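The values are calculated or read from the model by the stated rules, or taken from the named source; none is laboratory data. For clarity, every value in this text was computed on a predicted model and none was experimentally measured. For neighbour counting, all protein chains shown are included, and Cβ atoms are generated from backbone atoms with ideal geometry for every residue, glycine included. These area figures cover heavy atoms from the full protein model, side chains too; ligands, DNA and RNA do not enter into them. Shrake-Rupley method; radii C 1.70, N 1.55, O 1.52, S 1.80 Å.
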Amino acid sequence: MPPVDVLHQPRAMGQIQRALRSSRLAHAFVFHGPEGVGRELAARQLAAALLCPDARWVEVPAQRREHVEAPHELRACGACQDCRLCDADTHPDLHVVHRFLNRFHDEDRVRKLKASQLSVDVVRQFIIAETGRKPARGRAKVFIIRDADRLSASAENALLKTLEEPPDDTFMILIAPSPQDLLATTRSRSALIAFDALPKAFVQRQLSMRHRDKPPATLAWAAAFSAGSLGRALELLEDGVYEVNEAFVRGWIGAPADPSILDPDLWIKTAGALGSHCKKRDEELSDSEGQRMGLKQLIALSAACFADALRMGSGADALRVRSGAGAILNEQARPALQACADRWDRGAVCATLDRLHRAESHLDMNANTQLVVEALLYDVFAALRGEAMVAG
Ligand SMILES: [Zn+2]
């Protein structure tokens, strides 16, 4: 049950409405921002407004007024045949393009390729060839390009010509985390629309509507740890990351007297389990890529736990609690973390945070995962016991 309207994106929605109002409507857009904040939903709304013959400027209803800049917006009618086709994702002029389309490519060779990138073959068949045809329903053609940051260099270059001289009836919406993920030439030919992280309270409310069985503390944690991405927060709950976090926070609280959290085998096994969830969402991931993603998640959970202790130890947390701003991430473990903050040396906590960060960059550089974990845990153990780190 996704929200039917894009909420809490007044800046992006304002930019889109201004573009629609302008006499020279852009033909290419880059919707950029974090995953799971409404970029694709906004792209589909824009597509519907372009494809619906009865789209008109209407007053924004009162309950959504705070989410938009202007009191009027261009909306698809929601009732005509085009709107119904858009809703059912079967509109012949709405093309959602993604890297896995290679499986439907005409050529056997392309169907067999790994889809880790959005390839030039997919761009040629599913975008460029399509732009040469008239719109099936006569009005316009809209291409939504998912994960445009995964366009291969040759695919993005192949797209440039279409972006440069787009047919009058063709619109492209590229979705990416950041405009920097695209070539400067792509950026300069597109209207850049920035999406922001969602407010934590909104994410938490949405989670509670979908996960009525989960305790509020679990939902609050997922909303906070997702950094304003509803999509990410839902994944955290579905993948059981909260339970993993509980175990890891407990483990760190007991360390270094109880060193069980410093067992590399525990990390590798848990990372594998988390990685298998990532693989379910992206079948192209190999076991080792999944495990690497799982390890990065464990590093992020551990870093959040030490960051909490640091905030509590330095008094920054008390200031934020007084000011009414949210406090630490692991609110459920506050008393035990306070005890850690009092017990652990602050320099050791800072060194541990730095060490976790470095381990993450080693994983990004494809270092051997077993070695990264062993060296990391060895160093953190030393730091927590008041010894100097040796590796790095
Ligand atoms: Zn309509």
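Among the candidates ASP258, ASP263, the residue that is of a type outside the set (Ser, Thr, Tyr) and without any contact (Cβ under 8 Å) to a residue 12 or more places away in the chain is uniquely ASP258. Sub-7 Å Cβ pairs linking a first residue in the range 51-65 that is over 30 Å from LYS134 (Cβ atoms) and assigned by TED's automatic domain parsing to the domain that holds CYS86 to a second residue that is more than 10 Å from the ligand (Cβ to nearest atom) and open to solvent by 50 Å² or more (accessible area, probe 1.4 Å), at least 6 apart or interchain, are GLU59/PRO71; GLU59/HIS72; VAL60/PRO71; VAL60/HIS72, ordered by first then second residue. In the range 82-111, of all residues being out of contact with any strand residue (DSSP E or B) (no Cβ under 8 Å at 6 or more places or on another chain) and closer than 15 Å to ALA140 by Cβ, the one that is most open to solvent (accessible area, probe 1.4 Å) corresponds to PRO92. Among the criteria (1) under 29 Å from the mean Cα position of the chain (by Cα); (2) within 16 Å of the ligand (Cβ to nearest atom); (3) in contact (Cβ under 8 Å) with a residue 12 or more places away in the chain, the one ARG84 does not fulfil is (3).
Summed over the range 281-291, residues that are open to solvent by 70 Å² or more (accessible area, probe 1.4 Å) and closer than 14 Å to PHE100 by Cβ total 2.
Checking the condition modelled with pLDDT of 90 or more and open to solvent by less than 30 Å² (accessible area, probe 1.4 Å), which residue from LEU266, LEU295 passes? Give the steps one after another, and end with the answer.
Working: LEU266 fails: open to solvent by less than 30 Å² (accessible area, probe 1.4 Å).
Just a single option satisfies the conditions, and that option is LEU295.
Would you say ALA201 is free of Cβ contacts under 8 Å to residues at least 40 places away in the same chain, at negative phi, outside the structural domain of LEU160 (by TED's automatic domain parsing) and within 20 Å of the chain's Cα centre (by Cα)? The answer is yes for ALA201.
The lone criterion from (1) open to solvent by 40 Å² or more (accessible area, probe 1.4 Å); (2) within 16 Å of the ligand (Cβ to nearest atom); (3) at pLDDT below 95 left unmet by LYS114 is number (2). The residue list ARG137, ARG150, ARG205 contains one member that is surrounded by fewer than 20 Cβ atoms within 10 Å (Cβ to Cβ) and touching an Asp or Glu at 6+ places or on another chain (Cβ under 8 Å), which is ARG137.
Check whether at least one residue in the range 314-332 is in contact (Cβ under 8 Å) with a residue 12 or more places away in the chain, assigned to a helix (DSSP H, G or I) and among the aliphatic types (A, V, I, L, M), and report yes or no. No, there is no match, as no residue in the range 314-332 is in contact (Cβ under 8 Å) with a residue 12 or more places away in the chain, assigned to a helix (DSSP H, G or I) and among the aliphatic types (A, V, I, L, M).
Assess whether ALA70 counts as being surrounded by 12 or more Cβ atoms within 10 Å (Cβ to Cβ), at negative phi and modelled with pLDDT under 95.
Working: surrounded by 12 or more Cβ atoms within 10 Å (Cβ to Cβ): yes; at negative phi: yes; modelled with pLDDT under 95: yes.
Against the criterion (surrounded by 12 or more Cβ atoms within 10 Å (Cβ to Cβ), at negative phi and modelled with pLDDT under 95), ALA70 qualifies.
Total residues in the range 125-147 satisfying the condition of being within 32 Å of the chain's Cα centre (by Cα) and either touching a residue at least 60 places away in the same chain (Cβ under 8 Å) or outside the structural domain of VAL97 (by TED's automatic domain parsing) (or both): the figure is 4. Residue count for the range 1-37, restricted to those that are within 17 Å of ARG146 (Cα to Cα) and either open to solvent by 20 Å² or more (accessible area, probe 1.4 Å) or not in a loop (DSSP other than H, G, I, E, B) (or both): 9. Output the residues belonging to the range 46-78 that are within 14 Å of the ligand (Cβ to nearest atom) and among the charged types (D, E, K, R). Once the filter is applied, which keeps residues that are within 14 Å of the ligand (Cβ to nearest atom) and among the charged types (D, E, K, R), the range 46-78 yields ASP54, ARG56, ARG75.
Out of all the residues in the range 223-247, which are of a type in the set (Ser, Thr, Tyr) and not in a helix (DSSP H, G or I)? Before the answer, list the steps.
Looking only at the range 223-247, we keep the residues that are of a type in the set (Ser, Thr, Tyr), and these are 226, 229, 242.
Matches in the range 223-247: SER226, SER229.
Can you tell me which of ALA247, ALA233, ALA304, ALA273 is modelled with pLDDT of 90 or more, within 22 Å of the chain's Cα centre (by Cα) and surrounded by fewer than 16 Cβ atoms within 10 Å (Cβ to Cβ)? Steps first, please.
Numbers: ALA247 fails: within 22 Å of the chain's Cα centre (by Cα); ALA233 fails: surrounded by fewer than 16 Cβ atoms within 10 Å (Cβ to Cβ); ALA304 fails: surrounded by fewer than 16 Cβ atoms within 10 Å (Cβ to Cβ).
Step by step, each of ALA247, ALA233, ALA304, ALA273 is checked, and only ALA273 is modelled with pLDDT of 90 or more, within 22 Å of the chain's Cα centre (by Cα) and surrounded by fewer than 16 Cβ atoms within 10 Å (Cβ to Cβ).
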